Amino acid sequence: MSQASSGRTMHLVIITPYKRFFEGEVVSLVINTVDGLMGFMPGHPPVIVAIRPGMSHLENEEGVVYFSVSEGYCEVSERGITVICNAAEFPEELSPRRTCKSYKEARAGLEQARLIPDKIAREVSIKEYELAIDRARARRHLIELHGSDHQKERMAVLREEYGWTDLF
């Protein structure tokens, strides 16, 4: 990170394996961590936290921006905040059908993973499918709260079609 915090804002970079998802000055960041939602503002003490799939948001000069993140980590330092995660998406980038299909496939995979005889392999596989379910839930939550009207309508129809009644 090349920019330092200005006192009123801090520099935020969100990076995935595929792209630099966001870079800019922000007033605050709220992100889903393994310990729950955490918020960061300029002057926050340095910390590194593990993040888990969930809906997050940042506030910049233009307003509040909502997005989803997957597993990764967040580092807060005197230079700003760096988030490294496997995926990050804005609501308009999400497909309700792909979200529902991912959820259904992850649920089926979880059931199969529970049948793996080897304990260590079973635990690893279960954790992978649980994270996939959490990612799908985060995407659904983001669509239902901050997606376009069309996305919200499609999600309601597809939830019925896929039998997806739970959220958390």
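Out of the residues in the range 63-106 that are in a loop (DSSP other than H, G, I, E, B) and of a type in the set (D, E, K, R), state the one that is farthest from G24 (Cα to Cα).
E71
Selection of first residues in the range 107-124 that are without any contact (Cβ under 8 Å) to a residue 24 or more places away in the chain and outside any loop (DSSP other than H, G, I, E, B) and of second residues that are of a type in the set (G, A, S) and surrounded by 11 or more Cβ atoms within 10 Å (Cβ to Cβ), restricted to Cβ pairs under 6 Å at least 6 apart or on distinct chains, gives the following pairs, ordered by first then second residue: A113/S125. Annotation note: of G72, G39, the sole residue that is more than 22 Å from S125 (Cα to Cα) and either surrounded by 18 or more Cβ atoms within 10 Å (Cβ to Cβ) or at pLDDT 95 or above (or both) is G39. Filtering the range 18-34 to residues that are part of a strand (DSSP E or B), of a type in the set (S, T, Y) and over 15 Å from N60 (Cα atoms) leaves only T33.
Against the definition (assigned to a helix (DSSP H, G or I) and either of a type in the set (D, E) or more than 16 Å from the chain's Cα centre (by Cα) (or both)), how does D166 come out, yes or no? So that I can check it myself, show each step before the final result.
On the way: assigned to a helix (DSSP H, G or I): no; either of a type in the set (D, E) or more than 16 Å from the chain's Cα centre (by Cα) (or both): yes.
Against the criterion (assigned to a helix (DSSP H, G or I) and either of a type in the set (D, E) or more than 16 Å from the chain's Cα centre (by Cα) (or both)), D166 does not qualify.
The values are calculated or read from the model by the stated rules, or taken from the named source; none is laboratory data. This structure is a prediction, so every number in the text was calculated from the model and none was measured. In this analysis, Cβ positions are derived from the backbone assuming ideal geometry, glycine residues included, and neighbour counts consider all displayed protein chains.
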